[in-house]
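The values are calculated or read from the model by the stated rules, or taken from the named source; none is laboratory data. In this text, all values refer to a predicted model and were calculated from it rather than measured experimentally. Here the Cβ positions follow ideal geometry from the backbone for every residue, glycine too, while neighbour counts run over all protein chains shown.
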Amino acid sequence: AATLAIDIGGTKTLTALVRGVQVLAEATIATSREAGPDDWLAAIAEQAKHWSGRYERVGIAVTGLIDEGRWSALNPATLAIPDGYPLVAQASKLFGKPAFAVNDAQAAAWGEHRFGAGGNEDTVFLTISTGIGGGVVINGSPLLGLAGHFGLLRSPTLGEAPLEDVASGRWMATEAARSGHQAEAPEIFEHARNGAAWAQTIVAQSALRVALLCRDIQMMFAPKRIVIGGGIGLSSGYLDAISAHLVALPPHLAPHLVAASLGPRAGIIGAADLASRNG
Ligand code: BMX
């Protein structure tokens, strides 16, 4: 039987009907930053109407922290979520099916570990997106709750700001505006490819900071692979830019970086599989 799989990110929401690794149908809607969780769920329910009767459970991946089925923002700048929103309770009421919720990067880490680039071995997944999310799968188990929220790491050299505030897609757009260019992340990559120095500097700075994060993650978990996903992470040239900073490391300290093979679907596939195991 299929799962209604949902991935609510800071910019967009992916809704799908998933069976195993198969995505039977899908739709992307914008996550309205002015609205709140009740409205986001209502918009998803509207879309899911087309699939009524075709799913028996709901698996939800979200930007933010999930604790005992309740949803909160860690960095409200990525998405402002009211503290402790009863997501699992609301979703199971709305859809009339058992629901399971997990952080978006943790869901994607699980998806990639089981069905994608992680190859069923120890995997750390990083999504470089509106924010920067992380998920860890060690010894076949996903670390849940707060574990893996690498975008929230702070380093004195970055002036106490959380890492994602100085490296994510949102940061890139802010940096562009500071240098007099109105551009969202996809346009910044476009400008960088066309040789614009201001855009190249922004991409390079973000990639360097993420490279340093990957180096540190290798020290913490020594995963077989670090899988890179998210709209920024999967932009052409970005993964190479990170890897270029890591080639000089001695082999036993060097992380092995690979692109998410499930692409933007890692979260829905992971959330669906976790829901089927927890329901
Ligand atoms: C933030 C945090 C993480 C999330 C990551 C990527 C919030 C709202 N989110 O670090 O939980 O995994 O952003 O989120 O505190 P995305 O929306 O960029 O995919």
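Points worth noting:
- Residue in segment 51-65 that is hydroxyl-bearing (Ser, Thr, Tyr), more than 21 Å from the chain's Cα centre (by Cα) and surrounded by 20 or more Cβ atoms within 10 Å (Cβ to Cβ) present: yes
- Residues of segment 61-83 that turn out to be without any contact (Cβ under 8 Å) to a residue 40 or more places away in the chain, under 19 Å from Ala105 (Cα atoms) and out of contact with any helix residue (DSSP H, G or I) (no Cβ under 9 Å at 6 or more places or on another chain), as a count: 3
- Checked against (1) assigned to a helix (DSSP H, G or I); (2) closer than 21 Å to Gly20 by Cβ; (3) more than 10 Å from the ligand (Cβ to nearest atom), Trp171 passes all but a single condition, namely (2).
- Number of residues in segment 250-262 that are exposed (fewer than 14 other Cβ atoms within 10 Å of the Cβ) and either over 16 Å from Thr123 (Cβ atoms) or among the acidic types (Asp, Glu) (or both): the value is 4.
- Selected residue (only one of Thr15, Thr28 is under 20 Å from Phe115 (Cβ atoms), part of a strand (DSSP E or B) and of a type in the set (S, T, N, Q)): Thr15
- Flag not set for Ala5, criterion: away from the ligand (no atom under 16 Å from the Cβ), closer than 26 Å to Ala77 by Cα and not in a loop (DSSP other than H, G, I, E, B).
- Candidates are the residues of segment 107-159 that are part of a helix (DSSP H, G or I) and modelled with pLDDT under 95; the one that is nearest to Val18 (Cα to Cα) is Leu158.
- Long-range neighbours under 7 Å by Cβ, at least six apart or interchain, first residue assigned to a helix (DSSP H, G or I) within segment 261-277, second polar (S, T, N, Q): Ala272/Thr3; Ala275/Thr3; Ser276/Thr3
- Where Pro162 falls short, out of the listed (1) under 14 Å from Leu126 (Cα atoms); (2) in contact with a strand residue (DSSP E or B) (Cβ under 7 Å, 6 or more places away or on another chain): (1)
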